[in-house]
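Here the structure is laid out as structure tokens; the discussion comes afterwards.
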Amino acid sequence: MNAPASETLQRLAHILGPHRLLTAANDLQPFLTDHRALYRGHALAVAQPETAAEVAQLLAVCNQARIGVVPQGGNTGYCGGATPDESGAQLVVSLARMKRIRAIDALNYSLVAEAGCVLADVQRAAEDADRYFPLSLGSEGSCQIGGNLSTNAGGVHVLRYGMMRELVLGLEVALPDGRLLSSLTRLRKDNTGYDIKALFLGAEGSLGIITAASLKLFPRIRATATTFAAVRDPRAAIELLARLRAASADRVSSFELIPRLAVELTVRHIQGVRDPLQASHSWYVLCELSSSRAHDALETMLSECLEQALTDGLLADAVLARNERERAALWTLRESIPEAQRRDGASLKHDISVPVAAIAEFIERAGNWVREHVPDGRLVAYGHAGDGNLHFNINQAPDADRSAFLARGDTVKRAIHDLVRDFDGSISAEHGIGRLKVAELERYAPAVELDLMRAVKHAFDPNGIMNPGKVLR
Ligand code: FAD
Ligand code: 2HG
Ligand code: ZN
């Protein structure tokens, strides 16, 4: 190690004490690979701060020494944003020790959580106060609020409550120059100039380190009605969604599209998952209505709407969850699709969005392209159809050669993303850019937007120490 690096380590250790700056190779290992194992990096050290002041001091030292800093939350991100590069010169800052819920204000429908709080713990804290925090993802048992904010996470309730960006009232952020931006406001209305906090939401650690957030809460959910329905096709699914929203006074909180192959993969690879319907069908939706009123007639609304849809030929069959156990089983099927896909072999993933009304046409056109050009792949296009967001994934066919299949990745990505552009869609609906999609952002973002992004980056982080190589080159 060169002299300046060892001197910097000493200064960092001085801030954290001897035990919260990890430098031994074995201790670093868990922090060096991303969840999907796309990247494997090295690091100078891993810092484990416990307070916002410590985070700010760490950044000040790194800024002076021009050390790249990689914030890491639950490390469940899909784009390699939390993984250091291969240089071994970057500092990983793990937020895992900052996991205090600082305050809950039930009357104000808000809480303040530190960045390292696990999402499921925040949901539980809200529930304990008779409130509801709606962000919900398959990774909620390990992803952290700071990661959710920094990726502007989506998940299965966006249709009703919006993405993470819409759930934030205020932020506390350590800036690269060592200052602390302390804006944990609980206000619903505040029009005092630029919305600075908005810039950190979805910035993937490229502008500063979020240390805490003031979050919106909602009335606790007391009634749900959940169906797993076989739809005629994706077009029928979107028609059903439109009807359900109107018929239920907009109480639809989830609307997930699931193809047959995803059901087969979960039944095959995930213990305890069963096909909820007798016969097999090409397309399904998992749809949930929810309400804070215990006796809202959600099931009646849902059944009436489903019956009419059956009569009109939009549906072939449907089952309603009769209790919490059956509801949980339906959700397990949905949430374990990524894991089932992983166990089945390699997959090419595309986290895309198009206008909700264009989903069916997109699946048709992109699906035809895949059938024609990827003979060794099988399409598993599923996800948050209610938000126009599809995980347009292609799995390696059972007898396909893994490396030959993966070698097609760039060609497939280009074709799918070009089509997304033709639909005025997005090449990253909810997973972010990280390291994985830097070139994609450059290719598809309008030039003016890229210029402004670079200007923002330079204004916040003139020395380029924050998560170098992520989001922007
Ligand atoms: P990390 O992976 O640790 O980091 C993500 C990015 O944020 C990195 O760039 C990192 O540097 C930065 N970062 C982390 N913490 C901070 C901080 N405090 N300050 C500044 N920057 C920070 N995502 C969805 O949107 N919707 C889904 O439905 C969904 N489902 C998933 C299901 C599974 C099974 C898995 C494994 C992942 C899923 N994800 C989903 C992706 C992932 O869980 C989310 O992106 C999540 O928000 C990442 O949180 P994290 O704490 O793991 O962040
Ligand atoms: C989901 O919705 C996640 O389950 C993961 O966003 C998507 O694995 C994927 O492609
Ligand atoms: Zn998703």
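Tabulated data for the structure shown
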| quantity | calculated |
| --- | --- |
| Within the range 320-331, tally of residues that are open to solvent by 20 Å² or more (accessible area, probe 1.4 Å) and touching a helix residue (DSSP H, G or I) at 6+ places or on another chain (Cβ under 8 Å) | 1 |
| Hits in the range 364-384 (condition: open to solvent by less than 20 Å² (accessible area, probe 1.4 Å) and more than 16 Å from ligand 3 (Cβ to nearest atom)) | 366, 367, 370, 374, 377 |
| Residues of the range 147-161 satisfying the condition of being open to solvent by less than 10 Å² (accessible area, probe 1.4 Å) and either over 24 Å from residue 430 (Cβ atoms) or of a type in the set (Gly, Ala, Ser) (or both) | 153, 154, 155 |
| Selection status of residue 410, at pLDDT below 95 and loosely packed, with under 13 Cβ neighbours inside 10 Å | no |
| Among residues of the range 166-187, those that are open to solvent by 10 Å² or more (accessible area, probe 1.4 Å) and either part of a helix (DSSP H, G or I) or within 8 Å of ligand 1 (Cβ to nearest atom) (or both), counted | 1 |
| Number of the exception - residue 38 against (1) without any contact (Cβ under 8 Å) to a residue 40 or more places away in the chain; (2) aliphatic (A, V, I, L, M); (3) part of a loop (DSSP other than H, G, I, E, B) | (1) |
| Failed criterion for residue 387 (all others in (1) away from ligand 3 (no atom under 16 Å from the Cβ); (2) within 21 Å of the chain's Cα centre (by Cα); (3) more than 23 Å from residue 39 (Cβ to Cβ) hold) | (1) |
| Residue match in the range 298-306 (condition: open to solvent by 50 Å² or more (accessible area, probe 1.4 Å), more than 30 Å from the chain's Cα centre (by Cα) and more than 16 Å from ligand 2 (Cβ to nearest atom)) | yes |
| Matching residues in the range 109-136 - criterion: being open to solvent by 30 Å² or more (accessible area, probe 1.4 Å), within 13 Å of ligand 1 (Cβ to nearest atom) and touching a Ser or Thr at 6+ places or on another chain (Cβ under 9 Å) | 118 |
| Qualifying residues in the range 107-165 (those that are assigned to a loop (DSSP other than H, G, I, E, B) and without any contact (Cβ under 8 Å) to a residue 12 or more places away in the chain) - the one nearest to ligand 2 (Cβ to nearest atom) | 162 |
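The values are calculated or read from the model by the stated rules, or taken from the named source; none is laboratory data. Quantities reported herein were computed from a predicted structural model and do not represent experimental measurements. No Cβ is skipped: glycine too gets one built from the backbone with ideal geometry, and neighbour counts run over all protein chains shown. Side chains are part of the model used for accessible areas, which takes the heavy atoms of the whole protein and leaves out ligands, DNA and RNA. Shrake-Rupley method; radii C 1.70, N 1.55, O 1.52, S 1.80 Å.
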